[in-house]
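Here the structure is laid out as structure tokens; the discussion comes afterwards.
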Amino acid sequence: MIYPSHFFGMDGYAHPGDEPEHFISTSMDQYQKVTVGTGVTLRPWLQAFAWKTKTYSPQYILTQVSASKAHGGTGFLFWNAGNDYSKPFVAMPVIMANPKIYLRTQQAAATSGGGSSSGSAAKVEPVPEAHR
């Protein structure tokens, strides 16, 4: 579970919940280091709630998913205690329309060797204005 809002006072961020790219990327890199050679699939649970973040939105969801994929994630899951998945629901059409950015498909794994990308997150496509 990589919930940026739960990284209290880490890495010098006063509001870690508003830094999903940093905390997802850093966590995925660390998970890759500790699981190297094990054959483990890294499929993180991501934050789908607004606790301790002012920036929670469909764009927040897209940032988490793209950072996870760019740092070795294969798929993702979301969690929300209130079972409110409205933000991921709005983000999902953007994810599905841009699989190279958000999804690790068999075709993408075959062309990239299946490993993580260069270490920087891919360009995040914005949520259409009508869905914000």
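Out of residues 5 or more away from residue 79 or on other chains, whose amide H comes under 5 Å of its own, with H placed 1.01 Å from N in the peptide plane? Under 5 Å from the amide H of residue 79: 46, 48.
Each Lys or Arg adds one and each Asp or Glu subtracts one; over the other residues with Cβ under 12 Å from the Cβ of residue 75, this totals +3.
Remark on residue 74: its backbone amide H falls under 5 Å from those of 42, 43, a criterion applied only to residues 5 or more positions apart or on other chains, H modelled at 1.01 Å from N. Computed packing ranks the peptides 38-51, 1-14 as 38-51, 1-14, most packed first, by mean other Cβ atoms within 10 Å. The magnitude of the dipole of region 36-111, with charges of +1 and -1 set on the Cβ of Lys/Arg and Asp/Glu and taken from the Cα centre, is near 120 debye.
Taken together, the values in this text are just the output of simple stated rules run on the coordinates, not laboratory data. Given the structure is predicted, the values throughout are model-derived calculations rather than measurements. In this analysis, Cβ positions are derived from the backbone assuming ideal geometry, glycine residues included, and neighbour counts consider all displayed protein chains.
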